[in-house]
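Laboratory data are not the source of any read-out in this text; all were calculated from the coordinates shown. Predicted model, so just to flag it, every value in this text is computed and none were measured. Reconstructed Cβ throughout: ideal geometry from the backbone, glycine too, with neighbour counts over all protein chains shown.
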């Protein structure tokens, strides 16, 4: 296993651990406001994965980039849907 790949996998594992620890400590009251921020971050993840895939010739990095795009896009769309649904709770209802 080459040293660059091991370094990247180590960074990825640490990022997963730190992300899990940070997210698990968020109170329920702050969940909806933080969703908007995380949607922006996932948009950046998708763009970053696309840029990585455009520059690489390594098949492993291409596969990991594709997985990053799929997971990032799914999380982005899901977050937008949840945020939209939560914000709909605060809209005034039309009299029927």
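Each of 47, 52 has some number of other Cβ atoms within 10 Å of its Cβ, and from fewest to most they run 47, 52.
By the helix-only formula, in which each DSSP H run with n ≥ 4 contributes -39500 (n - 2.57) and the sum is divided by residues, the chain has a 222 nm mean residue ellipticity of -28500 deg cm²/dmol.
Arranged from fewest to most other beta-carbon atoms within 10 Å of their beta carbon, 62, 24 become 24, 62. Once divided by 2.2 N^0.38 Å, the Cα radius of gyration of segment 57-96 becomes 2.00. Computed over the chain, the percent of Cα pairs more than 22 Å apart is 43.
Between residue 84 and residue 40, the contour length at 0.36 nm per residue exceeds the alpha carbon distance by 14.4 nm.
With a Förster radius of 25 Å applied to the C-beta separation of residue 92 and residue 24, the computed FRET efficiency comes to 0.10.
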